[in-house]
Amino acid sequence: MIRSVSIKSAIKDTLEIFQFDQWLRFYFVVQKGEELWIEIPDATLAWIKEHRPEMHRLADMVNNAVIDYQRSQDNVCSYVAARLDGQKYEKTVLPQVFDNSTFKVELYIFNVWLKMHEQHLDEEQLTFDEWVDMYANWNDLDEVKEYRAKLVENGTDPGMPECSTAQ
């Protein structure tokens, strides 16, 4: 089996997993007592299995489970490691992704989009594909491109969760 060494492709795939996790937590977190849980309806799981089969295992893994920031980070990092590290990409690629300024900036930009659009996203439940399309359209705006360029130019490190399981 030939594994890719493309950092650019690995960044794209890893970002998508982080975005998918955000989508799950945005729409499917419920409070039970003092804890937050992810509860994904069967119809949504079926949609994921049909339209995003590469993400179904992650959805299934977190469904009906307690969730908090640390668990979410651990789940995503474990999923990235299991799905990409040594499977789709050479073992040397993913550690480079997490240290890559492009990855950090893109994850930061996505989180900016999420904060800016939270009220709109909350009006109705969108599919993950609808989220991705909406983000892509926003991402194509000149103002966003200029902001991204400033972040890159200034060498701003917006920070990022640490994924030690993928190293």
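The values are calculated or read from the model by the stated rules, or taken from the named source; none is laboratory data. Since the structure is predicted, the reported quantities are computational estimates derived from the model, not experimental observations. Neighbour counts are summed over all protein chains in view; Cβ atoms, including those assigned to glycine, are modelled from backbone coordinates with ideal geometry. Accessible surface is based on the protein model in full, side chains and every heavy atom, while ligands, DNA and RNA are left aside. Shrake-Rupley method; radii C 1.70, N 1.55, O 1.52, S 1.80 Å.
Checking the cross-link filter: which lysines have an alpha carbon closer than 24 Å to that of residue 115, excluding same-chain neighbours under 8 positions apart?
Cross-link targets: 12, 104, 145, 150.
So, with a 1.4 angstrom probe, what is the percent of accessible area on the chain that is carbon and sulfur? Please list the in-between numbers first.
Working: 4560 of 9490 Å².
Of all accessible area on the chain, carbon and sulfur atoms account for 48 percent.
What is the set of long-range amide H partners of residue 36 at a cut-off below 5 Å, with H atoms built 1.01 Å from backbone N?
Counting only residues 5 or more places away or on other chains, the set is 67.
Could you derive backbone 3J(HN,Hα) for the stretch 113-129 from the dihedral phi with the Karplus parameters 6.51, -1.76 and 1.60 (θ = phi - 60°), listing whole Hz in sequence and x where the residue is Gly or Pro?
Calculated HN-Hα couplings, in order: 4, 4, 5, 5, 10, 3, 4, 5, 5, 7, 5, 8, 6, 9, 6, 4, 4 Hz.
Residues in the stretch 64-81 near a label at residue 34, defined as backbone nitrogen under 14 Å from the 7 Å Cα→Cβ point?
none
Using a simple spin-label model with points 7 Å from Cα along the Cα→Cβ vector, what separation in nm is obtained for residue 25 and residue 130?
Here the answer is 2.2 nm between the modelled labels.
Under 5 Å between amide hydrogens, which residues at least 5 positions from residue 84 or on another chain qualify, with H placed 1.01 Å from N in the peptide plane?
Result for residue 84 returns nothing.
Keeping all protein chains in place and using 1.4 angstrom, which order do 84, 36 fall into by accessible surface area, from largest down? Working shown, then result.
Details: 84 0, 36 75 Å².
Result of the area sort, largest leading: 36, 84.
May I ask you to order 53-62, 139-148, 8-17 by the average number of other C-beta atoms within 10 Å around their residues, highest value first?
8-17, 53-62, 139-148
Tell me, what ³J(HN,Hα) does each residue in the stretch 84-90 have, in order and in whole Hz, if you take phi through Karplus 6.51 cos²θ - 1.76 cosθ + 1.60 with θ = phi - 60° and put x for Gly and Pro?
Per-residue couplings from phi come out as 10, 6, x, 8, 8, 10, 4 Hz.
Taking the Cα centre as origin and putting +1 on Lys and Arg beta-carbons and -1 on Asp and Glu beta-carbons, what dipole magnitude results for the chain, to the nearest 20 debye? Please report the intermediate quantities before stating the final value.
On the way: 17 positive and 30 negative charges, 144 e Å.
Around 700 debye, computed over the chain.
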